[in-house]
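Just below is one structure, and these are the notes that go with it.
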Amino acid sequence: MQSNTRSSTEYLRDVLLVFLFFLTSLKLLQKYIKQWHLSRKLGKDETQDIYKAYRSVPGPPSFPFIGNAINVLPKHGMLERLLNLGIKHGHCFKLTNPLTEDLVFLNSPEAVQAILSSHEHLRKSYLLEKLCPSKIDTTMAILPGGEKWKSMRKILARPFMYKALQIHNPCFYKQSERMTSQLEERFINGNSAVNTVDDLLKQCIFGMASESLMGVDLEDVEDGAKFCKNLELLMQQWITRVYRPWLLIPWIWKISSSYRIMEDSLNSLTNVIFKVLDIYKKKLNEEPDNDDLNNNTMAGVMLKNGIEPMTIFREVAVMLGIANETTPSAAEYTLFMLALHPNHQELCRQEIDAAFDDPSKCHNGVLEFEALKELKHLERCIQESLRMNPVSLSLRTLETPLRINEELVLPSNVSVIVLPYILHNNPKYFPNPEQFEPERFLPENVRERHHYAYVPFSAGPRNCIGMKLSMVELKVIMATILRKFEVRTPDTRESVQLEMDPTMKPLKPIRFTMTKRILT
Ligand code: HEM
């Protein structure tokens, strides 16, 4: 019996070895074919120069079969390992991966500018395209550049501009007031003085994004929390495939439980968004010339441009998925920073009180949109918090070579990553990076820094379309919370670990205490 078990273990090991050998050979073959293709395009000498320079890109030792897997796995602690590599190797380093393209991390503002400002390198990643559920793989955020991406990005730009956001100003306060009442319930009337707030921030931000982008309060159609949960399930199943590569094989994926969960959540989301579109169309029929309805929501601009309902559904679902994955962790972390630094919290509060107490800037508890621009210290605190926890990253797969500087050209079929966490925590660009110093964002200090040293929302033609929306959301949320509560935390910066999942967020929800302010 024992020898049987041993022999089946050995058999398994042999199969695994053959499989890995086969994979590595395939990868090598693929590499030579790509090199041969490039040499036909550029000439043999130039191609040899590119590959020679590429081989000199530093990086940790890579192993047969597993490449640099040990540098990224386990997920726990990955960010710190990557930051250390960034600081050790300087402006770029590479990691190899036996299953997909090599990854080159760009860590200096000059190298970051080379990729992000380029209009030629707009493809995000082959892997991202492969992983994407087929119903949403043609959305603007996933498309590999090209005319289709360009025209959709142009159509969708309008609802994200300040003019459109200004129109939705009352809805931001409505959602935020809803949240502060829930906070009051939790901290003042509840049993425990110490609580987490991540769920309430998420619901509030989701409400703001969905109402401003679709023009309908989701709570009027169905339980917003349920919709939010379905979006999260969709994102989780999608990401599961990165950590379980066998799910990349289509037939295994289609019989997996993850696929079924994803299909169920997709169907549920489709039903709700179609209901919202019906409400919106009815409103449009009643007021066909209403500029707000036609131009200031995603639903409006897409209907006006004759885009079919299924495409509208896809764009809205992906947009809300991204909104839900990014701004809530930025809000939680900003609140944490303000809780850890009462002096900065007080400076923000002085500006906030001055605006709320000025009858020319505040009507019925709603600050004029323009008054948000005057909350300068708050804005710097949000920027500094996004420096320390930049939430997202930029990823591109090169279809043609990319010149980084005089010496280095990266060959095609390499994936390039800008991880702002590395850039923003490098003492060379931000001295004492572990310190919370909002003064770094005073205009005179910003002017002295390289424009590409701070890129939480990316930059260039494929930057974040939702940047202004999320800054407005973050300001309104912080202003309404600080107006009502004194915020503190029993957690420390060292005890709050950030993880990439798939965006950067605290591993465990952060705990807060909130004391109600007595306003005279
Ligand atoms: C704090 C919040 C946010 C952060 C830090 C953030 C950051 C980013 C980053 C780094 C990118 C990658 C760009 C690239 O590949 O170079 C991106 C893309 C994108 N973001 Fe955001 N984002 C945030 C909020 C939002 C919100 C609220 C929305 C929409 C409601 C949004 C929609 C998008 C879209 C659609 C793209 C893809 C754009 C394209 O491919 O053309 N983001 N974001």
State which residue is nearest to the ligand (Cβ to nearest atom) when the search covers only the range 458-475 and only residues that are of a type in the set (Gly, Ala, Ser) and within 18 Å of Tyr333 (Cβ to Cβ).
Gly466
Condition first: outside any helix (DSSP H, G or I) and either at pLDDT below 75 or not small (Gly, Ala, Ser) (or both). Now tell me which residues in the range 40-66 satisfy that.
Gly43, Val57, Pro58, Pro60, Pro61, Phe63, Pro64, Phe65, Ile66
Go through the residues of the range 183-193 one by one and say whether even a single one is surrounded by 15 or more Cβ atoms within 10 Å (Cβ to Cβ), farther than 21 Å from Gly300 by Cα and among the aliphatic types (A, V, I, L, M).
yes
Any chance you could count how many residues in the range 116-168 are near the ligand (Cβ under 9 Å from one of its atoms) and among the acidic types (Asp, Glu)?
0
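Considering only residues of the range 296-338 that are part of a loop (DSSP other than H, G, I, E, B) and either among the β-branched types (Val, Ile, Thr) or buried (at least 20 other Cβ atoms within 10 Å of the Cβ) (or both), which is nearest to the ligand (Cβ to nearest atom)? Outline the logic, then answer.
Filtering the range 296-338 for residues part of a loop (DSSP other than H, G, I, E, B) gives 296-297, 305-308.
Of the ones still in play, those that are also either among the β-branched types (Val, Ile, Thr) or buried (at least 20 other Cβ atoms within 10 Å of the Cβ) (or both) are 296-297, 307.
Details: Asn296: 14, Thr297: 12, Ile307: 16 Å.
Checking each candidate, the answer is Thr297.
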Residue match in the range 395-408 (condition: touching a Lys or Arg at 6+ places or on another chain (Cβ under 7 Å), in a helix (DSSP H, G or I) and not basic (Lys, Arg))
no
For the range 421-432, check the following and say yes or no: at least one residue is under 14 Å from the mean Cα position of the chain (by Cα) and more than 10 Å from the ligand (Cβ to nearest atom).
yes
Asn426 is checked against (1) under 19 Å from Cys92 (Cα atoms); (2) in contact (Cβ under 8 Å) with a residue 12 or more places away in the chain; (3) surrounded by fewer than 16 Cβ atoms within 10 Å (Cβ to Cβ) and fails just one. What number does that condition carry?
(3)
Flag if Glu399 is crowded, with 22+ Cβ neighbours inside 10 Å and within 16 Å of the ligand (Cβ to nearest atom)
no
Selection from the range 112-144 of residues that are of a type outside the set (A, V, I, L, M, F, W, C), assigned to a loop (DSSP other than H, G, I, E, B) and farther than 30 Å from Trp246 by Cβ
Ser117, Ser118, His119, Glu120, His121
Out of Lys283, Lys254, sole residue that is touching a residue at least 12 places away in the same chain (Cβ under 8 Å), surrounded by fewer than 18 Cβ atoms within 10 Å (Cβ to Cβ), at negative phi and part of a helix (DSSP H, G or I)
Lys283
Members of the range 439-457 found to be closer than 15 Å to Ser117 by Cβ and within 13 Å of the ligand (Cβ to nearest atom), listed by number
Tyr452, Tyr454, Val455, Phe457
Residue within the range 342-358 that is away from the ligand (no atom under 16 Å from the Cβ), buried (at least 17 other Cβ atoms within 10 Å of the Cβ) and assigned to a loop (DSSP other than H, G, I, E, B) present
no
Please work out if Asn267 is in a helix (DSSP H, G or I) and more than 30 Å from Cys132 (Cα to Cα).
no
Scan the range 80-108 for residues that are outside any loop (DSSP other than H, G, I, E, B) and either surrounded by fewer than 19 Cβ atoms within 10 Å (Cβ to Cβ) or among the small types (Gly, Ala, Ser) (or both) and report the count.
7
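The values are calculated or read from the model by the stated rules, or taken from the named source; none is laboratory data. What you are looking at is a predicted structure, and each value in this text was computed from that prediction instead of being measured. Neighbour counts run over all protein chains shown; Cβ positions are idealised from the backbone, glycine included.
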